[in-house]
Amino acid sequence: MFTRSRLLTFAGALCAVSALLAGGGQAIAAPQSAQARHMAQAGQPPGHGHGYGRFTHPLAVHNRFFPLTPGTEFIYHGKIVENGKARSHSVTFTVTDTFKTVGGVRTVVAWDRDFLKGKLQEQELALFAQDDQGNVWNFGEYPEEYENGKFTGAPSTWIRGVGGAYGGIHMLSHPRPGMKYREGLVPAIEFDDVSVVARTGQVNSVPAGCYHQVLVVDETSPNDPASGHQIKYYAPRTGLIRVGARGGDSQEFLTLTAVRHLGPAEMAKVRAAVLAMDKRAYRISKVYRSTGPARARD
């Protein structure tokens, strides 16, 4: 008789074999179609002539490959490789029950914490909203940096529409191979991320489970060729499950190890931490002061 652990190991092996048969271990960008080349203009999907969509219900982020349900927490483990040396790295991404208004649009506040060798390296408030076509947009980031446990500043803060900052698409509503879009362009901090849909319909296994119909996105920074390629894997109804790298002077590798659904007590702690961070941001960043204060959702 199989024990539960053996069954999980067997299921993982089947998933790995399926991934190899499907070619899911590679991320090769498909040739761009004429439509995809047209879409590359400022990262706009079809029907968005001015580069932004309408946001009737922006907090209802139910995009198939990037759903943001308040109270969901994603835990990733992996490593960062620099100069041939690997260091343990983990990320905790929590969808909060708070929102912020940016340029008249309500945005979901996510709390993203990066740990290097077990110590907090960065914690960030990331802002997202979904348009009426189902595309999820980036509206800004407030990333606090830490060294040896001490706060050192937040120099990479940006808010869409402030100082020429462009918040692009984080996830397309209907991604197809070859589609190219800009995730963000912020000249003040030399931030420029461009993504290409490399593959769809893949199979990928991570510690959190075996996923099918996985989307593979190849992300690069045109202004920083030395950074190489970041390869991201997204599963339907879950979101990001794996991060890989090709080339670059600093490579990040992560896999999803757990998805948690926080209870009321845990959410109260998350809310308090995020609102305190939001309040602190007004003292730290002039750019951040263009936004309304974060508030708890009804």
| query | Rounded to the nearest whole Å², what accessible area per residue is found for segment 197-298 with the 1.4 Å probe? | reply | 49
| field | Qualifying GluC sites (Glu not before Pro) in segment 159-243, DSSP loop, other Cβ atoms within 10 Å at most 14 | value | GLU190
| query | So how exposed is TYR146, as accessible area in Å² (1.4 Å probe, rounded to 10)? | reply | 40
| query | Cα to Cα, under 16 Å, and not fewer than 8 places away if on the same chain: which aspartates and glutamates meet these conditions relative to LYS85? | reply | ASP249, GLU252
| request: May I ask which residue of LEU256, VAL270, VAL287 lies farthest towards the positive end of the charge dipole of segment 232-287, with charges of +1 (Lys, Arg) and -1 (Asp, Glu) on Cβ and the Cα centre as origin? | output: VAL287
| note | Projected onto the charge dipole of segment 119-224 (unit charges on the beta-carbon of Lys, Arg, Asp and Glu, signs +1, +1, -1, -1), the Cα from GLN121, SER156, ALA198 with the largest positive-side position is that of ALA198
| What residues have an amide H closer than 5 Å to that of MET179, excluding those fewer than 5 places away on the same chain, when H is modeled at 1.01 Å from N in the peptide plane? | VAL197
| task | Evaluate E = 1/(1 + (r/R0)^6) for ASN83 and LYS286, where r is the Cβ-Cβ distance and R0 equals 35 Å; express this FRET efficiency to the nearest 0.05. | result | 0.50
| query | When the chain is fully extended, how far beyond the present Cα-Cα distance does ALA258 get from HIS174, taking 0.36 nm per residue of separation? | reply | 27.6 nm
| Accessible surface of segment 174-246 [probe 1.4 Å, protein heavy atoms]: carbon and sulfur percent | 48
| Can you give the extra length, in nm with one decimal, that the chain gains between ALA268 and LYS150 once fully stretched, where that is 0.36 nm per residue apart less the Cα-Cα distance? | 40.0 nm
| said: Longer than 30 Å from Cα to Cα, which of LYS150/LYS180; LYS100/LYS180; LYS119/LYS180 are they? Say none if no pair is. | reply: LYS150/LYS180; LYS119/LYS180
| task | Would you check the accessible area of PHE128, probe 1.4 Å, heavy atoms only, in square angstrom rounded to 10? | result | 10
| field | Rounded if a/c under 1.5, otherwise prolate or oblate - segment 136-177, Cα gyration tensor axes | value | oblate
| message | Let me check against my output: what whole-number percent is the relative contact order of segment 154-298, with C-alpha pairs under 8 Å and at least 6 apart? | response | 16
| message | Can you tell me how segment 157-272 classifies by the Cα gyration tensor, rounded, prolate or oblate, using a/c under 1.5 as the rounded cut? | response | oblate
| What accessible surface, in Å², does a 1.4 Å probe find on GLU124, ignoring ligands, DNA and RNA and rounding to the nearest 10? | 20
| message | So if I place +1 on the C-beta of Lys and Arg and -1 on the C-beta of Asp and Glu, and nothing else carries charge, what would the dipole magnitude of segment 206-263 be about its Cα centre? I want it in debye, nearest 20. | response | 360
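The values are calculated or read from the model by the stated rules, or taken from the named source; none is laboratory data. Please read all numbers here as calculations on a predicted model, not as lab measurements. We place every Cβ from the backbone using ideal geometry, glycine too, and count neighbours over all the protein chains shown. The accessibility values were calculated without ligands, DNA or RNA, using every heavy atom of the protein model including side chains. Shrake-Rupley method; radii C 1.70, N 1.55, O 1.52, S 1.80 Å.
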